[in-house]
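First the structure, in the form of structure tokens, and then the observations on it.
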Amino acid sequence: MLQIENITKSYHNGIIGWKKKHQVLHGVSFACEAGESLGIIGESGSGKSTLVRMILGIERPDQGQIFLHGKSVEYRSTRRGQISAVFQDYTSSINPFFTVERAIMESVHLRTNIDSNSIYVLDSLLEQVGLNASFKKRYPHELSGGEAQRVCIARAIACRPQYLILDEAISSLDVSIQVQVLQLLKELKNIYNMGYVFITHDIQAAAYICDRIIIFRQGQIEEIINTDQLSQVQSDYGRTLLATSIVL
Amino acid sequence: MNILEVEQLSIWDQHSGKALVHDSSFQLRKGSCLAIVGESGSGKSLTCRALTRLNPKSLAQSGKIVFKGIDLTTLSEAEIRQKRGKEIAMIMQNGMSAFDPSCVVGVHFRETLGQHLGWKRRVADDHMIKAMERVMLQKPVELLRKYPHELSGGMLQRMMIALAIVLEPDLIIADEPTTALDTISQYEVIQQFLLLRQTIGSSMIFVSHDLGVVRQIADEVLIMRSGEIVERGTTHHIFTNAQHEYTRYLMATRATLSDHFRQLMEGS
């Protein structure tokens, strides 16, 4: 289980000597069960991405702790091979000098139990994300947005993680490609039974893939709601969000 | 009456000779809104930039672009500069890169208004403040003293719309203006666009990959795929009676998300 307990974080803004403290997260706590898909929805600047960086251990919280199966994610040994991430900007998340093969195999080699036939692993991974073997020798600039994001997903699932963190993973794709990627994520979840933390500003996408949704605003949790009870949202912000989404 | 007539517009890469947009022709009636819909790489943005000749020099274009009876392709660089902004305003996808990061947004506005309308600082500020209040921006006087990085994407987008309100252009080209925004800002920006059309009655070309957004705002729709227009018609026609396979595919993918969402909302 992934447990986030009372996380606070603040950054310093402004010129040296004129620093202003700007609090981004105010005591955030929630838990994500194994195999659960949890959506976090909020407007830009609400602190969603900061939260992701902490779960991934890229940044440390000021206060509070994040545990994976009871161990703190501050230690690399806790995170390694257990938590993977897919980010919004697919162009900058693959090394431009790496072929698709090298980008994905880098992650496979990190696994403790490397399969004897790693070529087979690569082929099956590519197939699972809807690409074929001809993509192996391509470079990131030769891929379209949807293809690059599929490669990122293949790389993320290569080490068979228990949790996949999707930070606005579909936001910069076309609507038609977004749906394809969401369907792919649904299929993969059935195969590997991974837990998803799906961060987005698009409530329709979150409703499509998530079991529970956290409505996040200005660094605080407004409401946690099951997706099938989405229409019974209590908070004002949640209602506005739903109303605007229905129109579009 | 047509305000813009594009005839056989083709765009190709000069180095490789690869055609990016082939023979696209369309018309825009005065006061109406035309949406160009397609996936990334279908040539929507290239078409938009070709209208004001803003494509990089490595891309060549041919065809006629007649705006208010004048062929824009025959104008000199200085003449087309006068048209850009005053007569044809562009609203870009990324507000952050559309403003000069090294100066406060007020400077950008004063410069633009001074250049096109010859206004002094105080007159320009007065007009801008009124327009910013109209697009629901709070505390406009303070906002004029902010740098672009201090403002959110939605705010910058509304700033650009406010500038368009003051300039009162005849044609507004909006290139994916809502793509980089979250749902609530997206909704608000669309409302501002509708308001903009009501108040100054300008014609509009609205580019998007999201049919949900297009349905709210457009009168006519062009569907583009790999540089070609595959279907065109009124918004009602496209949404009820799409003929081309690709248009149906776009509609079906969009419906996958929205139908599921509607079911959830109605299910209780």
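The values are calculated or read from the model by the stated rules, or taken from the named source; none is laboratory data. None of these values were measured; they are calculated from a predicted model. So basically every Cβ, Gly included, is an ideal-geometry build from the backbone, and we count neighbours across all protein chains shown.
Collect the residues in the range A:185-202 that are surrounded by fewer than 19 Cβ atoms within 10 Å (Cβ to Cβ) and within 13 Å of another protein chain (Cβ to nearest Cβ), keeping them in residue-number order. Even if it seems obvious, please write down each step before you answer.
First, pick out the residues of the range A:185-202 that are surrounded by fewer than 19 Cβ atoms within 10 Å (Cβ to Cβ): A:186-187, A:189-193.
Passing the criteria: only A:Lys186.
Considering each residue of the range B:254-266, count those that are facing another protein chain (nearest Cβ under 7 Å) and either more than 14 Å from B:Val214 (Cβ to Cβ) or part of a loop (DSSP other than H, G, I, E, B) (or both), and give that number.
6
Taking strands (runs of 3 or more DSSP E) that fall entirely within the range B:1-81, which contain at least 2 residues that are touching a strand residue (DSSP E or B) at 6+ places or on another chain (Cβ under 8 Å) and not aliphatic (A, V, I, L, M)?
Strands (runs of 3 or more DSSP E) meeting the threshold: B:2-13, B:19-29, B:59-67.
Can B:Thr178 be described as modelled with pLDDT of 90 or more, crowded, with 18+ Cβ neighbours inside 10 Å and not hydrophobic (A, V, I, L, M, F, W, C)?
The answer is no for B:Thr178.
Suppose we keep only residues that are among the β-branched types (Val, Ile, Thr) and touching an Asp or Glu at 6+ places or on another chain (Cβ under 8 Å) within the range A:213-240. Which one would you say is farthest from the other protein chains (Cβ to nearest Cβ)?
Within the range A:213-240, the match that is farthest from the other protein chains (Cβ to nearest Cβ) is A:Ile214.
Across the range B:230-253, which residue is nearest to the other protein chains (Cβ to nearest Cβ) among those that are polar (S, T, N, Q) and part of a helix (DSSP H, G or I)?
B:Thr253
Which ones in the range A:118-148 are in contact (Cβ under 8 Å) with a residue 24 or more places away in the chain and assigned to a helix (DSSP H, G or I)?
Those that are in contact (Cβ under 8 Å) with a residue 24 or more places away in the chain and assigned to a helix (DSSP H, G or I): A:Val121, A:Leu125, A:Leu126, A:Gln128, A:Phe135, A:Pro140, A:His141, A:Gly145, A:Gly146, A:Ala148.
Quick test for you: out of A:Ile114, A:Ile119, A:Ile104, pick the one residue that is of a type in the set (Val, Ile, Thr) and at pLDDT 85 or above.
Working: A:Ile114 fails: at pLDDT 85 or above; A:Ile119 fails: at pLDDT 85 or above.
Just a single option satisfies the conditions, and that option is A:Ile104.
In the list B:Leu75, B:Leu156, B:Leu144, which residue meets the criterion of being away from chain A (no Cβ under 14 Å), surrounded by 19 or more Cβ atoms within 10 Å (Cβ to Cβ) and not aromatic (Phe, Trp, Tyr)? Lay out the reasoning, then the answer.
Working: B:Leu75 fails: surrounded by 19 or more Cβ atoms within 10 Å (Cβ to Cβ); B:Leu156 fails: away from chain A (no Cβ under 14 Å).
Going through B:Leu75, B:Leu156, B:Leu144 in turn, the sole match is B:Leu144.
Among (1) farther than 25 Å from B:Ser185 by Cα; (2) in contact with a Gly (Cβ under 8 Å, 6 or more places away or on another chain); (3) not in a loop (DSSP other than H, G, I, E, B), which single condition is B:Met96 missing?
Among (1) farther than 25 Å from B:Ser185 by Cα; (2) in contact with a Gly (Cβ under 8 Å, 6 or more places away or on another chain); (3) not in a loop (DSSP other than H, G, I, E, B), B:Met96 violates only (1).
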